[in-house]
Amino acid sequence: MIYADNAATTQVNKKVLREMLPFLTHNYGNPSNIHSKGRIARQAVEIARGKVAKAINAKDDEIYFTGSGTEADNWAIRGVAKRYESKGKHIITSSVEHHAVLNTCRDLDSMGYDITYLPVDKYGEVSLKDLESSIREDTILVSIMFANNEIGTIMPIKEIGEICRKKGVLFHTDAVQAIGMVNIDVDDLNIDLLSMSAHKFHGAKGVGALYIRNNVDIAPFITGGSQERGKRAATENVPGIVGMGKAIELATKNIEDKVQMIRSVRNVCCGMMSAIIDNVKINGSIFNRHPGILNISFKNVESEQVIIQLDLKGICASSGSACTSGDLAPSHVLSAIGVSNDYIGGTVRLSFNENNTIEEAEYIAKTLKEIVDSLRAMSTIE
């Protein structure tokens, strides 16, 4: 089996699982308790918090654990909206965000907030000029993703942060796909809030984190107990948090070497497909791209049929975001970058990581040629 759907989720690293297991068996205390088991759990949570902070050059007390990247996105946007509504109700985002951001903004729109959705160019990048001209006196937040989950385009985050800092507007980025693939320094990039999710970098599902710069005050999203310094109620997922700490420690070690290897695998697959398959389109930025994400559209085929045939041949891939797999509507990301109707329905996303090989990339490319040629032949006969 070849797994090429790492943008959807990743395999839990064995070292991560090893760190988690004691907190699923004998170190099962509640970190809010002061007895010995509780203290052991609390210490483990704080050690993990430090590892997450170090990975993005943040302070330990700027990291808040959540149940997912989606929750972190919701909290960042809704928390700012609620806390700063007296200043204004204008929020800026892009047309290619993850639905965790888009649907949150649409909900706020229904509640009287004014949302600006910045367009993108054919590579999926926002215009810095458009962003700057869209900021108003009542703008309270800019939320632009770090790396696109469908096409892999990496946004000009540092420049966006500089504009927001100059204009006195808070800047949030969904970095779920970027952690472990890009060096991230929240101070250097002028980021005020950053979302992440452990299962995208070999941690467990069900745990994420939100970075909140110390001088930024946002409203709590989940109320109840006093966990996470009174900002996010609910008993901490200690095993998941411990695993996240280990996972991000591993994911951000020797990033350059890892990224070079992943990019080589992606480029071999991309180059072979472009050479041996007719009428294929590579979507996303040519240069500013996530090293492992390859989004390709085949003319006059249906992506669902391609995905099924790939699965039958032992290859796991997707047609786009795993979070919208049941949605029959065309991808909002591909629509935003102008992919034509005869290509948009035949889109496949391959997403590689350090576990994939050149040989796998070559096999995927050859297999896709067989599948696409077969489907096109069947379509011609019908």
From the set of residues in the stretch 70-80 that are surrounded by 22 or more Cβ atoms within 10 Å (Cβ to Cβ) and touching a helix residue (DSSP H, G or I) at 6+ places or on another chain (Cβ under 7 Å), which is nearest to THR173 (Cα to Cα)? ASP73
Looking only at the stretch 77-134, and only at residues there that are among the aromatic types (Phe, Trp, Tyr) and more than 17 Å from ARG165 (Cα to Cα), the one that is farthest from the chain's Cα centre (by Cα): TYR113
Meets criteria (closer than 20 Å to PHE146 by Cβ and either assigned by TED's automatic domain parsing to the domain that holds ASN148 or free of Cβ contacts under 8 Å to residues at least 24 places away in the same chain (or both)) for HIS99: yes
Filtering the stretch 247-281 down to residues that are surrounded by fewer than 16 Cβ atoms within 10 Å (Cβ to Cβ) and outside any helix (DSSP H, G or I) yields LYS253, ASN254, ASP278, ASN279
Take the residues in the stretch 143-177 that are among the charged types (D, E, K, R) and within 16 Å of SER127 (Cα to Cα), then tell me which one is nearest to the chain's Cα centre (by Cα). LYS158
List pairs: first residue in the stretch 188-202 and in contact (Cβ under 8 Å) with a residue 60 or more places away in the chain and in the same structural domain as GLY67 (by TED's automatic domain parsing), second residue assigned to a strand (DSSP E or B) and charged (D, E, K, R) anywhere in the structure, Cβ distance under 7 angstrom, at least six positions apart or on different chains. SER195/ASP174
Just checking, does the stretch 365-377 include any residue being farther than 20 Å from ALA317 by Cα and either out of contact with any Lys or Arg (no Cβ under 7 Å at 6 or more places or on another chain) or of a type in the set (Ser, Thr, Tyr) (or both)? yes
The lone condition PHE298 fails out of (1) at pLDDT below 95; (2) over 17 Å from the mean Cα position of the chain (by Cα) is (1)
With respect to the numbered conditions (1) touching a helix residue (DSSP H, G or I) at 6+ places or on another chain (Cβ under 6 Å); (2) assigned to a loop (DSSP other than H, G, I, E, B); (3) of a type in the set (S, T, N, Q), which one is the sole condition not fulfilled by SER86? (1)
Strands (runs of 3 or more DSSP E) wholly inside the stretch 152-245 containing at least 2 residues that are among the polar types (S, T, N, Q): 193-197
If we keep only residues of the stretch 329-356 that are in contact with a helix residue (DSSP H, G or I) (Cβ under 8 Å, 6 or more places away or on another chain) and in a helix (DSSP H, G or I), then the residue nearest to THR367 (Cα to Cα) is ILE344
Out of everything in the stretch 334-382 that is in contact with a Ser or Thr (Cβ under 8 Å, 6 or more places away or on another chain) and among the hydrophobic types (A, V, I, L, M, F, W, C), what residue ends up being surrounded by the fewest Cβ atoms within 10 Å (Cβ to Cβ)? ILE358
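Whether any residue in the stretch 40-51 is among the small types (Gly, Ala, Ser), over 30 Å from ASN190 (Cβ atoms), free of Cβ contacts under 8 Å to residues at least 24 places away in the same chain and not in a loop (DSSP other than H, G, I, E, B) is what I want to check.
Taking the stretch 40-51 and keeping what is among the small types (Gly, Ala, Ser), we get 41, 44, 48, 50.
Filter once more, so that each one left must be over 30 Å from ASN190 (Cβ atoms): 41, 44.
Still in the list and also free of Cβ contacts under 8 Å to residues at least 24 places away in the same chain: none.
No, there is no match, as no residue in the stretch 40-51 is among the small types (Gly, Ala, Ser), over 30 Å from ASN190 (Cβ atoms), free of Cβ contacts under 8 Å to residues at least 24 places away in the same chain and not in a loop (DSSP other than H, G, I, E, B).
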Residues ARG106, ARG83, ARG18: which one is under 30 Å from VAL126 (Cα atoms), assigned by TED's automatic domain parsing to the domain that holds HIS202 and free of Cβ contacts under 8 Å to residues at least 40 places away in the same chain? ARG106
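The values are calculated or read from the model by the stated rules, or taken from the named source; none is laboratory data. Just so you know, these numbers come straight off a predicted model, no measurement behind them. Don't worry about glycine lacking a Cβ; one is built from the backbone with ideal geometry, like all the others, and counts go over all protein chains shown.
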